[in-house]
Structure formats: C-alpha cells, structure tokens
Amino acid sequence: MEKKQAKERIETLRKETDYYAQKYYDEDKPVISDFEYDMLMLELRNLEKEFPEFVSQESLTQRVGGHVKEGFVKVEHEVPLQSLQDVFSLADIEDFDVRMKQKAEENGTKTVSYVVETKIDGLSAALEYKQGKLVRGATRGNGLVGEDVTQNIKTIKTIPQTLADPIDITVRGEVYIGKQDFEKMNEERQEEGEELFANARNAAAGSLRQLDSSITAKRPLAIFIFNVQKIEGKTFTSHYDELEYLAHLGFTVVPVRIPCQTIEEVKSAIEQIGEMRDTLNFGIDGAVVKIDDLAFREILGTTAKTPRWAVAYKYPPEKKETKVKDIICQVGRTGVITPMAILEPVKVAGSTISKTTLHNEDFIQEKDLKIGDTVVIQKAGDVIPEIVEVIKEKRTGEEQDFFMPKVCPVCGAEAVREEGEAAIRCTGIECPAKLFRNLVHFVSREAMNIDGLGENIISQLLEHHLIENIADIYTLQFEEIASLKKNGKKFAQNLMDSIETSKQNDLYRLLTALGIRHVGSKASKMLAKKYKTIDAIMQASFEELKEMKDIGEVMADSIVQFFAQEQTKDLIQKLQEAGVNTKSLQEEQSDQRFEGKTFVLTGSLTEFTRKEAEDMIENLGGKTSGSVSKKTDYVLAGEEAGSKLTKAQELGVTILSEEEFKQLIAN
C-alpha cells in the first residue's frame with residue numbers, strides 16, 4: 001500500500017473506530033459486532049506499525065499501555081475531592097431544603113434552585129487538561145491525595161484526549177463498568193475459574209488501580225463527568241450550565257441531570273430516577289441533590305469532609321423471597337466446579353431472576369442452605385443477584401442437603417479440593433469443559449510455542465469440530481486449517497510447519513504445556529533434567545518426588561495424582577503416537593557458578609528478554625524470585641526499575657546493571 005493510500009485509510013479507520021466506540025460506550029447503541037470492531041482495530045494497528053510516521057497519540061491504538069509500573073505516584077488535589085452526606089428519606093431531603101432556604105434568607109436570597117443527578121456507582125477520579133490536552137488522571141484517594149493513574153485513564157475510550165476548546169481545566173468524574181459489561185466480565189471469570197467480582201464498583205476500582213495498564217485496557221471501563229473542579233479563563237453562575245459546557249468540550253457528562261426550582265420538583269426527580277434505575281445501563285447507588293447557584297455554594301462552603309451544598313439520597317435495596325428449586329454444578333475453563341441455585345423466577349430490581357451463583361462449598365455451609373429452602377435475594381450493586389438470607393422458619397422438613405460432587409459432572413474425573421482453597425476442581429486433562437483453556441495454555445509461548453495457533457483459531461477449530469482433545473492438534477490437515485481463512489493456504493502452511501517443529505521441543509516444554517497443577521516451567525525443567533523421559537516421571541513415587549529440591553509435598557502429590565489418571569495416560573499415548581518428543585534434550589551443564597544464588601529481575605531489560613536472562617541464570621545453577629528479601633543475592637536492574645530496586649538498596653543487596661550481568665555471565 002502506498003503512503004498516501006495508507007494515510008487515508010488510517011484516518012478513515014480512526015474516524016470509524018472513534019464513532020463505533022462512541023456508539024457503544026457513550027450511547028449504548030452498538031452498530032457493529034465486537035468482532036467487526038476488533039478487526040478494524042487490528043487493521044489500524046497493523047497499518048500504524050507499517051507506517052509509523054502516521055501514528056497519533058489520539059488514536060485508540062495508543063491509549064493502551066503495556067508498561068508495568070512498580071507503584072503509583074501520589075497526587076495532591078489542588079481542589080479536594082470530597083464525599084457527600086448521605087440521606088435515606090424524603091423527610092431528610094425536606095430538612096436539607098429548609099437549611100438551604102434559611103441560609104439563603106440570611107444572605108438576602110429568596111429562591112433556591114437545585115440540580116438532581118444520578119449518583120454513579122463507581123470510583124471517583126480527577127482529570128487535568130492543559131491547553132485542552134489530557135495531562136493527568138488521578139484517583140480520589142483520601143480526597144486530598146490520590147494516585148497518579150494517567151496511563152490507565154488513557155485506556156478508557158470515553159475519556160477525550162483533546163477537548164473542543166484549548167482550555168486549562170480539571171474535572172471530576174466517576175469511573176464505572178456498565179451492567180451488561182459487568183455481567184459479561186463475571187461470566188468470563190466464572191468460566192475461567194476466577195473469583196467473581198462482588199459488585200461493579202469494586203471491579204471498576206480494581207481495574208483502574210492496576211499497575212499494568214494493559215490489564216486496565218482489557219476491562220470495559222467508562223466514565224461520567226459530573227463536576228468542574230477548576231477552570232481558567234471562564235466563569236459560570238450555574239452548575240447546570242457548567243455541565244452543558246463540559247458536554248460541549250467532549251466529555252461524557254452524567255446523563256440524568258434534572259433542574260428543579262422547588263423541593264417538590266426535587267422529590268419528584270428522586271422518584272423519577274428511582275423508577276428508571278432498572279432501565280439504566282449503569283449502576284447507581286442513589287440520587288445527588290446539588291445547589292445550582294455556584295455563588296451560593298461558595299457562601300455555604302464545606303466541612304472537612306463534605307460540601308454543605310449537596311446531599312446524596314440513597315435508595316433502599318429491593319429484596320424478594322423465592323424458593324431454591326435445585327442446585328446444579330457448572331465446570332469452568334480452569335476446572336473449577338461452581339454450584340448454582342435454580343430459583344423459582346422472581347422479579348427483583350426490574351429483572352426476572354431464575355438462578356444465582358452459590359460461589360463454593362463454604363458459602364452453602366455458611367448459609368446452611370438446602371434444596372427447597374425459602375430464601376431472600378437481592379441484586380448486589382443493582383447487578384448480581386445473591387442469596388442474602390435463608391428463612392429457616394419456613395422449612396417443611398422436605399428440604400434436602402446438598403453435597404459437592406466427588407467427580408466432575410462433565411467428564412467423570414476426580415474432583416478435588418486442595419488445602420487452603422475454597423474451590424473444588426476437576427482434575428481431568430481431557431475434560432471438555434476445560435478443553436479451550438487447556439489448548440490455549442498448551443500452545444502458548446512458554447509451553448509448546450505453536451506460533452499462529454491463537455485463541456481465535458482455537459475457537460474456530462473447536463466450533464468446526466476439527467479438534468476434540470489436545471492431541472488432535474497433531475492430526476490437523478492442511479485443508480482443514482486453510483478453510484478457516486480466506487486465501488488461507490499460506491497461513492495453513494506456516495501453522496503446519498509450527499506444529500511440526502513443536503514435536504521436537506524439549507520434554508520440559510511438554511511438561512509445562514500439560515498444565516500440571518502447581519508445576520510451572522522451573523519445576524518442569526527440574527523434572528526433565530532428573531528423570532530424562534516422561535515415562536520415568538509417570539513412574540516416580542511421591543516419596544522420590546518430594547525429596548527433590550524446590551518440589552515439596554504439595555507439588556509431588558499433584559504430579560503423582562496427575563499422571564495416575566486414565567485421561568492423562570491416554571493423552572500421553574496419543575502424543576507419543578503423533579511423534580511428539582517426550583525425552584529431555586538438556587545437556588548436563590558443568591558450570592554451576594550460581595548454585596545457591598537467588599536473583600530478582602526488575603525494570604525493562606534492553607540486551608535480552610527477561611525470559612532469556614532467567615534461562616541464563618537457571619542454566620548456571622541459580623534461581624529467580626519475584627520479590628526482594630534478605631535471602632536475595634543479586635538484583636538485575638533494567639530501565640525504570642522501581643520499588644524492588646529501592647528495597648534492594650535498603651537491604652544492601654548487590655545490584656547489577658545489564659553490563660555487569662553480562663560480564664558475570666562471560667566470566
């Protein structure tokens with residue numbers, strides 16, 4: 001593609017992706033599928049990579065960071081981000097109105113006007129712009145000091161990087177996750193066997209505070225702006241007018257904002273928001289009543305914690321009774337078996353609830369929950385239905401105890417609960433419920449490293465029933481792979497070559513790929529080095545294994561249990577028949593100069609990857625750790641090393657630059 005053509009296409013793609021993001025995030029009216037949008041973003045990324053001279057910081061591709069920070073920088077808020085005084089009845093609202101009118105009369109004002117807004121259930125943040133350009137984002141923190149989360153803020157698509165006017169302004173907003181996005185996130189986490197987020201607010205807060213902004217970028221965060229903290233060169237008399245100006249600048253302003261001239265209108269607005277809360281695509285935890293007159297606000301002032309010119313009305317949570325008809329179990333992608341209550345359908349907070357997660361065995365025991373019980377449910381954070389109470393006095397004696405299964409309900413393999421964990425897991429490597437996750441791990445870079453076999457292709461292979469277990473990767477035919485893509489012959493040949501190459505991998509890579517619980521790449525290398533063949537490892541006893549350095553009883557038991565299963569034996573046999581290497585290719589390394597030495601790597605390395613450095617250390621008998629302690633011998637510090645470097649300096653640990661590390665290796 002010629003430069004001129006590329007530039008035009010990039011500009012078109014930016015306009016399209018900006019438009020689609022706005023329709024999806026701002027207006028909740030997606031006009032294309034997620035997949036189509038992702039394909040446009042992929043095309044844009046590829047073009048920007050090929051023609052870097054056309055890369056712009058305003059492109060959606062540039063709002064994602066892959067940089068891991070070791071700690072947040074603290075930010076002092078020039079204007080404090082205060083909390084609100086909560087009220088819980090309309091009588092409290094009337095009292096607030098009386099106080100406001102008394103203050104107004106004292107200052108010669110006869111009328112008091114308000115703005116009533118939805119109180120978004122999220123995390124408060126301040127955005128600072130200079131000359132209309134976003135320069136900093138910070139969390140509220142304690143109201144006076146927050147955390148610098150600029151890189152994370154830039155990943156939120158609803159935050160403009162450049163405003164309509166080149167103005168200096170600091171605004172305040174609420175970062176949140178929409179209801180549908182939140183439900184989808186939790187469904188995915190349940191499939192992956194991860195702990196569910198308790199509510200959308202916590203999920204949003206945790207996402208914004210990630211040290212790795214690439215993780216934040218994967219979370220469906222959005223923001224509503226609801227206040228001007230500071231502005232240069234412009235003055236306003238009305239809060240409502242401020243909000244209108246913020247919308248003009250390009251911000252997504254809190255969408256429900258109702259101007260009110262009387263307390264009766266205020267109460268009506270609160271009731272109106274209460275009625276619409278079930279239809280909103282974002283969670284709210286109340287309605288905010290604010291004085292509209294900005295000059296009057298200055299007169300009213302604030303306390304140390306809250307403004308005197310606003311209150312937050314909190315709606316009571318809606319609870320309903322229903323019956324637990326049954327309890328079934330679902331198996332997630334990691335093998336976690338999750339109990340699910342099947343309920344008599346009941347309408348709560350605007351939606352019909354017929355099932356809810358019971359999390360784990362401990363939750364059921366703590367609630368003393370039985371099949372047939374009458375229970376009280378509510379929607380946590382207006383999103384997740386949850387059982388909050390068992391009404392034991394309504395028991396008839398016909399209720400039945402529930403016990404977690406001893407075998408996987410999908411594949412029949414043993415289901416185990418390990419010490420210190422709440423989850424019960426399926427242990428079968430060929431379990432259909434775990435197949436997608438197992439395949440993704442098996443082909444990953446640190447495992448069998450089959451280039452081209454990503455999640456999208458794996459999904460298509462499963463969808464077209466071209467693979468039904470891990471070993472089927474090695475029986476794929478050229479034509480089958482080529483059929484997955486338009487003009488897919490080149491792709492198919494490359495993937496076939498990569499699959500064939502993977503057959504020659506070292507045994508330790510295969511052990512890593514098998515995903516034995518508690519056994520990572522380091523332990524896999526030790527096992528391969530000691531036992532030489534997978535057959536020898538399969539025959540190793542618990543007593544033998546636990547005596548190995550850095551293995552221990554938990555890992556040894558996991559290894560023995562894994563290889564004792566018929567599913568494992570079946571898979572190993574299929575892989576061997578397919579020609580996959582099951583022997584160690586590691587040569588004995590006589591140079592063990594780092595034996596007994598522990599290294600910690602921190603910062604960005606430029607001479608080699610972190611994995612390459614770890615391999616060098618391990619090949620010379622040393623080991624690596626993720627944290628600095630008194631037992632650490634060396635810290636290899638790259639660029640932008642953070643708190644680990646500081647701790648090493650405090651403990652007097654030897655710190656190596658990359659050049660010094662290279663000399664240590666060479667010597």
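Readers should treat all values here as calculations from the given coordinates under stated rules, not as data from a laboratory. What you see is a predicted model; the values in this text were computed from it and never measured. Using ideal geometry, Cβ is built from the backbone for each residue, glycine included, and neighbour counts are taken over all protein chains shown.
Kindly flag which residue pairs out of Lys546/Lys623; Lys157/Lys379; Lys103/Lys290; Lys434/Lys530; Lys325/Lys367; Lys184/Lys355 have an alpha-carbon separation exceeding 24 Å in this structure.
Lys157/Lys379; Lys434/Lys530
Can you give the net charge of the other residues whose Cβ lies under 10 Å from the Cβ of Ala492, counting K and R as +1 and D and E as -1?
0
Just flag the GluC sites (Glu not before Pro) in region 211-256 sitting in loop per DSSP whose Cβ has no more than 16 other Cβ atoms within 10 Å.
When the GluC sites (Glu not before Pro) of region 211-256 are filtered for loop state and at most 16 Cβ neighbours within 10 Å, Glu232 remain.
Given +1 on the Cβ of Lys and Arg, -1 on the Cβ of Asp and Glu, and no further charges, what dipole in debye does region 318-427 carry about its Cα centre, rounded to the nearest 20? Write down the numbers at each step before the final one.
Numbers: 16 positive and 20 negative charges, 85 e Å.
Value, rounded to 20: 400 debye.
Where Lys and Arg each count +1 and Asp and Glu each count -1, what net charge lies around Lys305 among other residues with Cβ under 13 Å from its Cβ?
+1
Under the 0.36 nm per residue contour assumption, what length would be gained going from the current alpha-carbon distance of Asp86 and Asp212 to full extension?
Length gained between Asp86 and Asp212: 41.9 nm.
First measure r as the distance between the Cβ atoms of Lys110 and Lys133, then evaluate 1/(1 + (r/R0)^6) with R0 = 51 Å and state the FRET efficiency to the nearest 0.05.
Calculated transfer efficiency: 0.75.
Gly122: net charge of surrounding residues, Cβ under 9 Å, Lys/Arg +1, Asp/Glu -1, itself excluded?
It works out to a net charge of -1.
Expressed as an acute angle from 0 to 90° and rounded to the nearest 10, what is the orientation of the C-alpha long axis of helix 263-276 relative to the principal long axis of the chain?
The answer is roughly 30 degrees.
Work out the charge dipole of region 513-635 with +1 on the Cβ of Lys and Arg and -1 on the Cβ of Asp and Glu about the Cα centre, then indicate which of Met538, Gly579, Leu514 is farthest towards its positive end.
Farthest towards the positive pole: Leu514.
Can you give the FRET efficiency for Asp165 and Arg9, using 1/(1 + (r/R0)^6), R0 = 41 Å, r = Cβ-Cβ distance, to the nearest 0.05?
Values: r = 30 Å, r/R0 = 0.73.
E(calc), rounded to 0.05, equals 0.85.
If you bin every alpha carbon distance in region 318-427 into 10 Å steps from zero, what whole percent lands in each bin?
In whole percents, the pair-distance histogram is 15, 43, 31, 11, 0.
Within the chain, what percent of beta bridges assigned by DSSP are antiparallel, to the nearest 5? Before the final figure, lay out each step's value.
Numbers: 76 of 90 bridges.
Given both bridge residues lie in the chain, the antiparallel proportion sits at roughly 85 percent.
Rounded to the nearest 0.05, what FRET efficiency do Glu94 and Lys314 have when you use their Cβ-Cβ distance and R0 = 22 Å?
0.90
Can you tell me which of 126-134, 151-159 comes out highest on packing, and rank the rest after it, using the mean Cβ neighbours within 10 Å?
Output ranking for 126-134, 151-159: 151-159, 126-134.
On a full-extension model of 0.36 nm per residue, what is the gain between Gln539 and Glu264, subtracting their alpha-carbon distance, rounded to one decimal in nm?
Values: separation 275, 0.36 × 275 = 99.00 nm, distance 7.97 nm.
Working it through step by step, the gained length comes to 91.0 nm.
Pairs of alpha-carbon atoms within less than 8 angstrom and 6+ residues apart define the contacts here; what relative contact order does the chain have, in percent?
Once normalised by length, the contact order is 9 percent.
For Tyr315, which sequence-distant residues (separation of 5 or more, or a different chain) have an amide H within less than 5 Å of its own amide H, given hydrogens modelled in the peptide plane?
Here Gly286, Ala287 satisfy the definition.
Using 0.36 nm times the number of residues separating Glu414 and Phe54, minus their current alpha carbon distance, what extension gain do you get?
Between Glu414 and Phe54, full extension yields an extra 124.0 nm.
Find the Cα radius of gyration of region 129-269, compare it with 2.2 N^0.38 Å by division, and give the number to two decimals.
Dividing the Cα Rg of region 129-269 by 2.2 N^0.38 Å gives 1.19.
For the Cα atoms of the chain, what angle does the longest principal axis make with the long axis of helix 179-191, in degrees from 0 to 90, nearest 10?
20 degrees
Lone cysteines in the chain, going by a 4.7 Å Cβ-Cβ cut-off?
For the chain, the answer is Cys260, Cys329, because their Cβ atoms have no other cysteine Cβ under 4.7 Å.
Quick one, can you get me the convex hull of the C-alpha atoms of region 432-577 expressed as volume per residue in Å³?
On the way: hull volume 14.5 nm³, N = 146.
Convex hull volume per residue, Cα atoms: 99 Å³.
How long are the semi-axes of the equivalent ellipsoid of the chain, defined as square roots of 5 times the Cα gyration tensor eigenvalues? Whole Å, largest first.
Ellipsoid half-lengths, sorted descending, are 50, 34, 26 Å.
Given Cβ point charges of +1 (Lys, Arg) and -1 (Asp, Glu) and nothing else, what value in debye, to the nearest 20, does the dipole of the chain about its Cα centre take?
With Lys and Arg at +1 and Asp and Glu at -1, about 580 debye.
What residue among Ile391, Ile270, Thr374 has its Cα farthest toward the positive end of the dipole of region 270-405, where the charges are +1 on Lys, Arg and -1 on Asp, Glu, each on the Cβ?
Positive-end residue among those listed: Ile270.
Which residue, chosen from Val635, Phe661, Leu651, occupies the Cα position most advanced towards the positive end of the dipole of region 598-666, where the dipole is computed from +1 (Lys, Arg) and -1 (Asp, Glu) charges on Cβ about the Cα centre?
Leu651
Mind listing the long-range amide H neighbours of Thr118? Cut-off is under 5 Å, sequence gap 5 or more, other chains count too, H placed in the peptide plane at 1.01 Å from N.
Val256, Val288
So how compact is region 516-643: Cα radius of gyration and Dmax in angstrom?
17.2, 50
Relative contact order, percent, of region 85-313 when contacts are C-alpha pairs under 8 Å separated by at least 6 residues?
Dividing the mean separation by the residue count of region 85-313 yields 31 percent.
Give the lysines reachable from Lys503 as a straight Cα distance under 20 Å; neighbours fewer than 8 places away on the same chain don't count.
Within the straight-line limit of under 20 Å, Lys503 reaches these lysines: Lys525, Lys529, Lys532, Lys569, Lys574, Lys583.
Which far-off residues, 5 or more places away or on another chain, put their amide H under 5 Å from the one on Val145, with H placed in the peptide plane?
It is His77, by chain and number.
Work out from phi, with θ = phi - 60° and the Karplus expression 6.51 cos²θ - 1.76 cosθ + 1.60, the ³J(HN,Hα) of each residue of region 400-416, listed in order in whole Hz, and give x for Gly and Pro.
Listing the rounded values in order: 10, 5, 10, 10, 5, x, 8, 10, 5, x, 9, 10, x, 5, 4, 9, 10 Hz.
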